[in-house]
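Engineer: Following this message is one structure expressed as structure tokens.
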Amino acid sequence: MAGFAELPAHRDAEPALRLLAEHRIRVVCLSNGATRTTRDFLQRTGLTPYVEQVLSVADVRSWKPPARVYHYALEKTDCVAEQAALVAVHAFDYHGAHRVGLTTGWSSRLEGYYAEIFAPADIVGADLVEVAQGLLDLPA
């Protein structure tokens, strides 16, 4: 566990976040981890300037993917599902968001493929940059 505090960001994280920032897209982290851990990670990796807010599932006492987690994030960001997207590298996460009505993006860099039990993501990319660009390319 001690090594977790030293993990770097994946190479695609900063370029994807920069691309979204250039297009004035709000970014919020919704973590299964503790808020403090996520904030520390963002600070240590230089990603804090791209992230408006960090939310933790601990506040709703539920791990992802139950609907209440995504409803909580929508409430905290003052968004409706039709105005929001969730990007993930875990199929279970985008699947939960998809079921709530969010636009979804999935990077295959971690899992490689998703099981047919999951609804397809709206945008699929090999990395976060491809997913971010795909979201930007969607009709308004």
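The values are calculated or read from the model by the stated rules, or taken from the named source; none is laboratory data. Note that the structure is predicted; figures quoted are calculated from it, not measured. Note: ideal-geometry Cβ built from the backbone for every residue, glycine included; neighbour counts use all protein chains shown. We work out accessible area using only protein heavy atoms, side chains counted, and drop any ligands, DNA or RNA first. Shrake-Rupley method; radii C 1.70, N 1.55, O 1.52, S 1.80 Å.
Engineer: Name every residue in the stretch 97-122 that is touching a residue at least 24 places away in the same chain (Cβ under 8 Å) and more than 20 Å from VAL57 (Cα to Cα), in order of residue number.
Structural biologist: Taking the stretch 97-122 as the starting set, the residues that turn out to be touching a residue at least 24 places away in the same chain (Cβ under 8 Å) are 97-100, 102-103, 105-107, 109, 115, 118-119, 121-122.
The answer is SER107, ARG109, ALA115, PHE118, ALA119, ALA121, ASP122.
Engineer: Out of curiosity, is TYR94 assigned to a helix (DSSP H, G or I), free of Cβ contacts under 8 Å to residues at least 60 places away in the same chain and under 12 Å from the mean Cα position of the chain (by Cα)? Show your work before the answer.
Structural biologist: Details: assigned to a helix (DSSP H, G or I): yes; free of Cβ contacts under 8 Å to residues at least 60 places away in the same chain: yes; under 12 Å from the mean Cα position of the chain (by Cα): yes.
Yes, satisfied.
Engineer: Tell me whether the stretch 76-83 contains one or more residues that are over 20 Å from PRO139 (Cβ atoms), in a helix (DSSP H, G or I) and out of contact with any Gly (no Cβ under 9 Å at 6 or more places or on another chain).
Structural biologist: Filtering the stretch 76-83 for residues over 20 Å from PRO139 (Cβ atoms) gives 76-78.
With the extra rule that they be in a helix (DSSP H, G or I), the set shrinks to 76-77.
Still in the running and out of contact with any Gly (no Cβ under 9 Å at 6 or more places or on another chain): 76-77.
For the stretch 76-83, residues over 20 Å from PRO139 (Cβ atoms), in a helix (DSSP H, G or I) and out of contact with any Gly (no Cβ under 9 Å at 6 or more places or on another chain): present.
Engineer: Also, I was wondering about something else. Could you tell me how many of the residues in the stretch 91-119 are more than 16 Å from ALA67 (Cα to Cα) and modelled with pLDDT under 95? Can you show your working first?
Structural biologist: Of all residues in the stretch 91-119, those more than 16 Å from ALA67 (Cα to Cα) come to 105-117.
Checking which are modelled with pLDDT under 95 leaves us with 108-117.
Number satisfying all stated conditions: 10.
Engineer: Do we have any residue at all in the stretch 45-59 that's free of Cβ contacts under 8 Å to residues at least 40 places away in the same chain, in a strand (DSSP E or B) and open to solvent by 40 Å² or more (accessible area, probe 1.4 Å)? Please lay out each step first, then the result.
Structural biologist: Restricting attention to the stretch 45-59, the residues satisfying the condition of being free of Cβ contacts under 8 Å to residues at least 40 places away in the same chain are 45-59.
Narrowing further to those that are in a strand (DSSP E or B): 53-56.
Adding the requirement that they be open to solvent by 40 Å² or more (accessible area, probe 1.4 Å) leaves 53.
Yes.
Engineer: Moving on to the next point. Being free of Cβ contacts under 8 Å to residues at least 24 places away in the same chain, part of a loop (DSSP other than H, G, I, E, B) and on the phi < 0 side of the Ramachandran plot is the filter here; which residues of the stretch 20-44 pass it?
Structural biologist: GLY33 - this is the single residue of the stretch 20-44 that is free of Cβ contacts under 8 Å to residues at least 24 places away in the same chain, part of a loop (DSSP other than H, G, I, E, B) and on the phi < 0 side of the Ramachandran plot.
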